[in-house]
1. Kindly list the number of the only condition in (1) at pLDDT below 95; (2) in contact with a helix residue (DSSP H, G or I) (Cβ under 9 Å, 6 or more places away or on another chain) that fails for B:Gln59.
2. Name the single residue that is farthest from B:Ser58 (Cα to Cα) among those in segment A:2-13 being touching a residue at least 40 places away in the same chain (Cβ under 8 Å) and in a strand (DSSP E or B).
3. Select from segment A:91-112 the residues that are crowded, with 19+ Cβ neighbours inside 10 Å and away from every other protein chain (no Cβ under 11 Å) and list them in ascending order.
4. In segment B:47-58, which residues are within 14 Å of chain A (Cβ to nearest Cβ), without any contact (Cβ under 8 Å) to a residue 40 or more places away in the chain, surrounded by 14 or more Cβ atoms within 10 Å (Cβ to Cβ) and not β-branched (Val, Ile, Thr)?
5. Within segment A:77-90, track down each residue that is closer than 21 Å to A:Asn111 by Cα and either surrounded by 13 or more Cβ atoms within 10 Å (Cβ to Cβ) or within 14 Å of chain B (Cβ to nearest Cβ) (or both).
Amino acid sequence: GQSLEQPSEVTAVEGAIVQINCTYQTSGFYGLSWYQQHDGGAPTFLSYNALDGLEETGRFSSFLSRSDSYGYLLLQELQMKDSASYFCAVNHNAGNNRKLIWGLGTSLAVNP
Amino acid sequence: EAGVAQSPRYKIIEKRQSVAFWCNPISGHATLYWYQQILGQGPKLLIQFQNNGVVDDSQLPKDRFSAERLKGVDSTLKIQPAKLEDSAVYLCASSLYWRDEQYFGPGTRLTVT
């Protein structure tokens with residue numbers, strides 16, 4: 001089967017650093033994506049890792065270890081506007097079955 | 001560039017009625033997705049098109065849901081008849097190719113009473 005696990009909730013304060021972990025079990029793994037979704041809004045793409053290592057985009061970084069079936073999203077210098085849900089999603093490729101498999105999401109609350 | 005367009009934004013219907021949603025993806029995007037998102041959960045893929053062909057519809061309740069993308073551009077998703085548990089946000093997304101980042105429309109919030 002295919003599954004992704006990520007914490008349901010994380011709380012942090014402004015200016016802090018938070019790490020959201022994601023572990024997955026899936027055949028046909030192609031890459032790991034991260035999306036952000038504010039309440040009432042649509043998901044927006046944050047980052048994508050196909051290879052092991054760290055990808056940095058401004059205050060956000062994403063890491064992947066294919067051997068450990070593990071990745072994380074790192075948010076630095078947290079701002080109130082970062083309060084949102086964060087989804088990890090596996091890019092799945094098995095023969096003709098190619099799609100994004102989504103986790104249940106992590107709700108991040110950033111407090112003053 | 002224009003984003004993914006969806007209509008309507010909100011819809012309230014009674015159970016057993018039918019409803020249709022429309023999506024116009026970003027120009028040139030070959031892959032189009034319909035997702036169902038229930039409050040507090042992640043998006044659930046209902047159907048994925050590559051051009052006008054179906055790539056995955058394994059989670060589409062085919063006894064009541066149907067979708068088409070006739071000319072490989074815009075798409076419609078229909079529910080007939082609706083049930084109470086269909087109350088959700090229906091998101092349309094598109095990408096250049098299946099492995100590329102997905103761009104989402106604003107969604108349609110459906111309430112079935």
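1. (2)
2. Within segment A:2-13, the match that is farthest from B:Ser58 (Cα to Cα) is A:Val13.
3. Passing the criteria: A:Leu108, A:Val110.
4. So the first thing to find is which residues in segment B:47-58 are within 14 Å of chain A (Cβ to nearest Cβ), and the list is B:47-51, B:53-58.
Checking which are without any contact (Cβ under 8 Å) to a residue 40 or more places away in the chain leaves us with B:47, B:49, B:51, B:53-54, B:56-58.
If we keep only those that are surrounded by 14 or more Cβ atoms within 10 Å (Cβ to Cβ) as well, we get B:47, B:49, B:56-57.
Scanning segment B:47-58 gives B:Phe49, B:Asp56, B:Asp57.
5. Of the residues in segment A:77-90, the ones closer than 21 Å to A:Asn111 by Cα are A:77-87.
If the condition is that a residue be closer than 21 Å to A:Asn111 by Cα and either surrounded by 13 or more Cβ atoms within 10 Å (Cβ to Cβ) or within 14 Å of chain B (Cβ to nearest Cβ) (or both), then A:Leu78, A:Asp82, A:Ser83, A:Ala84, A:Ser85, A:Tyr86, A:Phe87 are the ones that fit.
The values are calculated or read from the model by the stated rules, or taken from the named source; none is laboratory data. From a predicted model like this one, the values you see are computed outputs, not experimental measurements. With ideal geometry, Cβ positions are generated from the backbone for all residues, glycine too; neighbour counts draw on all protein chains shown.
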